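Following: one structure in structure tokens, then a few remarks.
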Amino acid sequence: MRVIVATGNPGKLREFQRIFAPAGIETLAQKDLYPDLKVEETGGTFRENAFLKAQAVHRLSGCAAVADDSGLCVDALGGRPGVWSARYGGEDTPYPEKIRMLLEELREVPRQQRTARFVAHICYIAPDGERMEVEEACEGWIGYVPKGERGFGFDPIFYVGERSFSELSDQEKDAISHRGKALRELERRLQARGILSKTQ
């Protein structure tokens, strides 16, 4: 089975490839097929934006497309940055600066009130236009300092237990992450519908 991953984020693409490969799903990158495609994320929810991205690629290709919209939701900030995570502090602001800004917002917030979650909404559109959607979350908290060299985005300050996402191996992160859980659930649904063989 082949699917076009509707993202320009190389970190997300690597995770799609890692998680899909064992199930026999071959991933094609949007940037390789449609390098000039840029989808405006005008939705107010993760669900709406995931659909916009998957729909754009499906319309161009007529092939199976899958998109993710995800973000960091911090309870002490009323769920911000949430759906605007990639645009927090400005779309072109580098993540080390975004992280510095977020930590500054939480400077006076004690540990027990620094709860947060990563949310991922996955939208899959089959070649015939049938749509499947999955949303999953990973609960954690916002650390006081960035730690770790792996991952991307806000991973260095999102902690599960005493380690940040950036301190986990790829396998450890995929096992518990919002995106890992959502993509495995999508695989299960594709298998249940007979779209993806259970023997692959």
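The numbers here are math on the coordinates, done by the rules we state, and not lab data. All values derive from a computational prediction rather than experimental measurement. Neighbour counts run over all protein chains shown; Cβ positions are idealised from the backbone, glycine included.
Quick notes on this one:
- Computed 3J(HN,Hα) for the range 157-170, one whole-Hz value per residue from the Karplus formula 6.51 cos²θ - 1.76 cosθ + 1.60 where θ = phi - 60°, is 10, 9, 9, 10, x, 9, 10, 7, 4, 6, 9, 8, 5, 4, glycine and proline marked x.
- Angstrom value of the Kirkwood radius, inverse mean 1/r, which spans all Cα pairs in the range 139-181: 10.0
- The distance separating the Cα centre of the range 153-167 from that of the range 175-197 comes to 24 Å.
- Listed by chain and number, the lysines whose alpha-carbon sits under 25 Å from that of residue 31, ignoring those within fewer than 8 places in the same chain, are 12, 53, 98, 173, 181.
- 9 Å beta-carbon shell around residue 137, net charge (K/R +1, D/E -1): -1
- Residue among 182, 106, 79 farthest towards the positive dipole end of the chain, charges placed on Cβ: 182
- FRET E, pair residue 100, residue 193, Förster distance 45 Å, beta-carbon r, rounded to 0.05: 0.50
- The packing ranking, built from the mean of other Cβ atoms within 10 Å per residue, places the peptides 61-70, 107-116, 128-137 in the order 61-70, 128-137, 107-116, highest first.
- Dipole magnitude (debye, nearest 20) for the range 1-86, charges at Cβ of Lys, Arg, Asp, Glu: 140
- Net charge dipole size for the range 93-185 [Lys, Arg +1 and Asp, Glu -1 on Cβ; Debye, nearest 20]: 340
- Simple Cβ-charge dipole of the chain, Lys/Arg +1 and Asp/Glu -1, about Cα centre, in debye nearest 20: 320
- Value at 222 nm in deg cm²/dmol, rounded to 500, when DSSP H runs of n ≥ 4 in the chain each add -39,500 (n - 2.57): -9500 deg cm²/dmol
- Over the range 69-200: Rg over Rh, Cα atoms, Kirkwood Rh: 1.04
- Dipole of the range 54-200, positive end: most advanced residue of 148, 126, 70 [Cβ charges, Cα centre]: 126
- Kirkwood-based Rg to Rh ratio, the range 1-137, C-alpha trace: 1.02
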